[in-house]
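First the structure, in the form of structure tokens, and then the observations on it.
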Amino acid sequence: MLKQRVITAVVLVLALLATLFLLPTQAQLLVFAAVVLIAAWEWSNLAGIGSLFSRVLFVMLCGVGMIAAMWQVELLSSPRIEPMRQLLVVTCTWWAVGLLWVKGYPASTPYWGNTLVRSVMGVLVLVPAWLSLAWLLLLHHGVWLLLLLIVLVAAADIGAYFAGRKWGVAKLAPNVSPGKSWAGFWGGVTASLLVMVVVWLVFSAQLSVALLPMMFVAAFTVLASVLGDLLESMVKRHRGIKDSSQILPGHGGVMDRVDSLTAAAPVFTLGLIAVGLY
């Protein structure tokens with residue numbers, strides 16, 4: 001199993017780097033759109049949508065939502081910051097509600113446990129995430145910003161893993177994900193902040209933002225990444241399944257790989273706008 005996980009992880013990293021550095025921007029947008037639509041297919045199962053027709057309809061709804069979001073911010077012509085900011089504020093408000101549901105699980109189940117609400121939840125999780133990734137790609141040095149986002153989330157995962165193994169006693173969300181601990185959480189935050197410090201020191205000459213605001217961006221991004229992971233874990237636990245699918249050997253489904261990014265990407269993007277980097 002470990003060998004399978006490592007091989008799949010290497011393939012995924014190489015595919016990501018090839019997409020970011022070998023493909024033109026329009027092709028990159030299509031690749032990320034395809035990934036999100038696969039995740040939407042998996043979410044339709046998490047939502048409890050039964051029939052094939054209804055699951056396809058849900059994927060199409062997510063696709064329409066992605067197109068509508070692109071149109072709203074004029075993504076492919078002259079992207080407008082203010083509509084993007086407004087959409088991201090609404091998205092972060094939704095994630096605040098998601099945090100309350102995660103904290104209150106299983107008592108919160110009546111608020112989101114039915115298929116309709118979980119379907120709406122999926123749209124709110126996936127569409128803003130894709131829009132944020134697409135927005136980042138179209139910025140100046142956008143590929144590097146997107147890589148920074150991914151590295152911050154990866155560093156949080158790695159820091160959480162090692163800190164949790166060594167000091168993890170108090171559980172972060174025992175009813176949702178018993179394996180996560182507060183020690184792991186703080187280990188992940190620390191690792192990501194260290195990454196941001198190094199990045200800022202290396203690229204400070206190219207940045208117009210001081211270190212402290214960027215540290216806040218990193219911290220809130222990591223907080224959101226943990227929430228994205230926990231929200232999917234909560235829905236999977238309610239649904240009684242371990243993985244969103246088996247499409248990635250040793251890693252479960254696409255949704256299982258991007259759950260942290262679904263919350264982290266909008267928060268990271270809003271953070272960059274808030275600190276005046278763009």
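Of note:
- In this simple spin-label model, placing a label point 7 Å from the Cα along the Cα-to-Cβ direction at both SER108 and VAL64 gives a separation of 2.8 nm.
- Measuring between their Cα centroids, the stretch 129-179 and the stretch 67-99 lie 21 Å from each other.
- Phi-derived couplings, Karplus 6.51 cos²θ - 1.76 cosθ + 1.60 at θ = phi - 60°, listed residue by residue for the stretch 51-63: 6, 4, 4, 5, 5, 5, 4, 5, 4, 5, 4, 4, x Hz, with x used for Gly and Pro.
- In plain terms, the residue of GLU74, GLU42 with the fewest other Cβ atoms within 10 Å comes first and the most crowded comes last, giving GLU74, GLU42.
- Each of THR221, THR19, THR93, THR115 has some number of other Cβ atoms within 10 Å of its Cβ, and from fewest to most they run THR93, THR115, THR19, THR221.
- The ranking of TRP94, TRP167 from fewest to most other beta carbons within 10 Å of each one's beta carbon is TRP167, TRP94.
- Residue-wise HN-Hα coupling along the stretch 159-176, computed from phi with Karplus coefficients 6.51, -1.76, 1.60 (Hz; x: Gly, Pro): x, 5, 4, 6, 5, x, 5, 7, 10, x, 10, 5, 7, 6, 8, x, 6, 9
- The stretch 119-157 residues near the modelled HIS251 label - backbone nitrogen below 13 Å, point 7 Å along Cα→Cβ: 154
- Structure-derived Rg/Rh (Cα atoms, Kirkwood Rh) - corresponding label in (i) 1.06; (ii) 0.94; (iii) 1.01: (ii)
- Whole-Hz Karplus values for the stretch 200-207 come out as 5, 5, 6, 10, 4, 5, 8, 9 Hz, taken residue by residue from phi with 6.51 cos²θ - 1.76 cosθ + 1.60 and θ = phi - 60°; glycine and proline positions read x.
- Normalised contact order of the stretch 1-130, rounded percent, pairs of Cα under 8 Å and 6 or more residues apart: 33 percent
- Applying a DSSP loop filter and a limit of 13 other Cβ atoms within 10 Å to the trypsin sites (Lys or Arg not before Pro) in the stretch 37-112 leaves ARG80.
- Stretching ILE7 away from LEU138 to a fully extended chain increases their span by 44.1 nm, per 0.36 nm per residue minus the current alpha-carbon distance.
- For LYS180, residues with placed amide H under 5 Å, excluding near neighbours: LEU172, ALA173
- Förster radius 30 Å - calculated FRET efficiency between VAL90 and LYS242, Cβ distance, rounded to 0.05: 0.40
Values quoted throughout were computed directly from the atomic coordinates according to the rules given, and no laboratory measurement underlies them. Please read all numbers here as calculations on a predicted model, not as lab measurements. Every residue, glycine among them, receives a Cβ derived from its backbone with ideal geometry; neighbour counts consider all protein chains shown.
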